Amino acid sequence: SFTGAWITTALSARGAQVIAPLRGDCGGDGMEEGSRLRRLRIKLASRTALLVEHAPTGSHRLLDLVDETGPFDLVCLHGADVGDFRSAGYDPLAAAARNCDGIDMLLARLARQGCRRIVVSGSLFEADEGGADGHRPAIGAYGLAKTLSWHCLRFAAERNGLAVGKVVIPHPFGPLEKPGLVSELMTNWQRDGIASIRHAARIRDFIPVQLLADAYADFALDMPARPGLYRLAPGGLAESVGDFTARLAREMRPLLGRPCRFTTADGPTGHPDDREPAVRINSDPVLDRDGGDLSAIWRALAEFYSEHNHANGKALSINS
């Protein structure tokens, strides 16, 4: 995944020996956008980690991997299998079942070897996340699937005597990112287009993926091994969608040499995300109040998209 590749790199940079089981393989021969980005993420992760193909949770291959390469000090569950959560027939119960398939057997085997810590990657879309008081429902079917997955994983981990850590992922952005607000803006601006944003007043938590990965790695490696529940909700630029877009445009204009224009769509748009809450942000900021010096972050983003839109098959920049 986008964040998984960066987290793997950050863990390795701190001296961890990382073994990363994959649900599928390291290939992907298609030239479509998703395949190209996945190949680049695999390339980044494989620089510092041992990638093991076709070893999803619940598989005999993953259990054999534990037996052959353990013991492990820490297990990180990242990259949930949530499927196409935008489809009308999406089943969050089935998605949660896929995420938790075989987890009891896996954690029991790890615990027998002496593993005492697990870190689960959560989402700001889950119920009861977001740091604010009051009613915090799951955001959409994806948020429900992640909420159910978290409770099942936590239950299994605690039943096997593991210390349980949770890192709540907000809205990461950066090189190798999946389609979303930032990728839409950057693609429009590279074409000298005028980007359109929805829900400009909505407050969200935008965090550079490099800083998210650093915070995750520090938390995971420093987490105590004694049973208990430990949390990190790393926050980045907690501001309105409109303010973040204006910030991004301001930073990109001199780097891209483009006008970086945008407009806002007022009122309901008919999109499913119209029902999302007005504010959803994390509670453990990793940035100064004014955002601090992010010049290297903005430069890496601009370089990635500049090469990305003119790649013609050559490797793209994935430097931090």
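Quick notes on this one:
- Test: residue in region 254-268 that is at pLDDT below 90, under 22 Å from Ala138 (Cβ atoms), more than 20 Å from the chain's Cα centre (by Cα) and surrounded by fewer than 16 Cβ atoms within 10 Å (Cβ to Cβ): yes
- Just one of (1) in a loop (DSSP other than H, G, I, E, B); (2) surrounded by fewer than 21 Cβ atoms within 10 Å (Cβ to Cβ) fails for Glu129. It is (2).
- Of the residues making up region 169-190, not a single one is over 25 Å from Gly292 (Cβ atoms) and surrounded by 21 or more Cβ atoms within 10 Å (Cβ to Cβ).
- Residue in region 225-243 that is out of contact with any strand residue (DSSP E or B) (no Cβ under 8 Å at 6 or more places or on another chain) and not aliphatic (A, V, I, L, M) present: yes
- Qualifying position, being modelled with pLDDT of 85 or more, crowded, with 18+ Cβ neighbours inside 10 Å, aliphatic (A, V, I, L, M) and out of contact with any Cys (no Cβ under 8 Å at 6 or more places or on another chain), among Ala55, Ala13: Ala55
- Matching residues in region 67-97 - criterion: being in contact (Cβ under 8 Å) with a residue 12 or more places away in the chain and among the aliphatic types (A, V, I, L, M): Leu74, Val75, Leu77, Ala80, Val82, Leu93, Ala95, Ala96
- Lone unmet requirement of (1) touching an Asp or Glu at 6+ places or on another chain (Cβ under 7 Å); (2) free of Cβ contacts under 8 Å to residues at least 12 places away in the same chain for Pro254: (1)
- Filtering region 45-52 for residues that are part of a helix (DSSP H, G or I), modelled with pLDDT under 95 and at negative phi leaves a non-empty set.
Every residue, every condition in (1) modelled with pLDDT of 95 or more; (2) over 14 Å from Ala80 (Cβ atoms), yes or no:
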| residue | (1), (2) |
| --- | --- |
| Asn99 | no, no |
| Met105 | yes, yes |
| Cys115 | yes, yes |
| Val119 | yes, no |
| Trp150 | yes, no |
| Arg202 | no, yes |
| Ile207 | yes, yes |
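- Only listed residue being surrounded by fewer than 18 Cβ atoms within 10 Å (Cβ to Cβ), within 16 Å of the chain's Cα centre (by Cα) and either acidic (Asp, Glu) or modelled with pLDDT under 95 (or both), chosen from Gly34, Gly24, Gly30: Gly34
- Selection count, region 225-245, where residues are of a type in the set (Val, Ile, Thr) and either modelled with pLDDT under 95 or in contact with a Lys or Arg (Cβ under 7 Å, 6 or more places away or on another chain) (or both): 1
- Residue among Asp222, Asp288, Asp214 that alone is acidic (Asp, Glu), within 25 Å of Arg14 (Cα to Cα), modelled with pLDDT of 95 or more and loosely packed, with under 13 Cβ neighbours inside 10 Å: Asp222
- Condition met for Arg98 (farther than 24 Å from Thr147 by Cα and assigned to a helix (DSSP H, G or I)): no
- Enumeration of residues in region 205-233 that are in a helix (DSSP H, G or I) and under 20 Å from Asp73 (Cβ atoms): Ala213, Asp214, Ala215, Tyr216, Ala217, Asp218, Phe219, Ala220, Leu221, Asp222
- Pairs where the first residue, in region 23-39, is assigned to a loop (DSSP other than H, G, I, E, B) and the second is of a type in the set (Lys, Arg) and modelled with pLDDT of 85 or more, C-beta under 6 Å, 6+ apart: Gly28/Arg38; Gly28/Arg39
- If only residues of region 105-126 that are more than 18 Å from Gly228 (Cα to Cα) and assigned to a helix (DSSP H, G or I) are counted, the one that is nearest to the chain's Cα centre (by Cα) is Leu106.
- Search result, residues across region 73-89 that are surrounded by 16 or more Cβ atoms within 10 Å (Cβ to Cβ) and of a type in the set (A, V, I, L, M): Leu74, Val75, Leu77, Ala80, Val82
- Near pairs, Cβ below 6 angstrom, 6+ apart or cross-chain, from region 215-228 (over 11 Å from Val164 (Cβ atoms)) to any residue that is assigned to a helix (DSSP H, G or I): Tyr216/Ile7; Ala217/Ala10; Ala217/Leu11
- Enumeration of residues in region 98-152 that are over 24 Å from Leu162 (Cα atoms) and not small (Gly, Ala, Ser): Phe125, Asp133, His135, Arg136, Pro137, Ile139, Tyr142, Leu144
The values are calculated or read from the model by the stated rules, or taken from the named source; none is laboratory data. These figures come from a predicted structure and were not determined experimentally. Cβ: placed from backbone, ideal geometry, glycine included. Neighbour counts: every protein chain shown.
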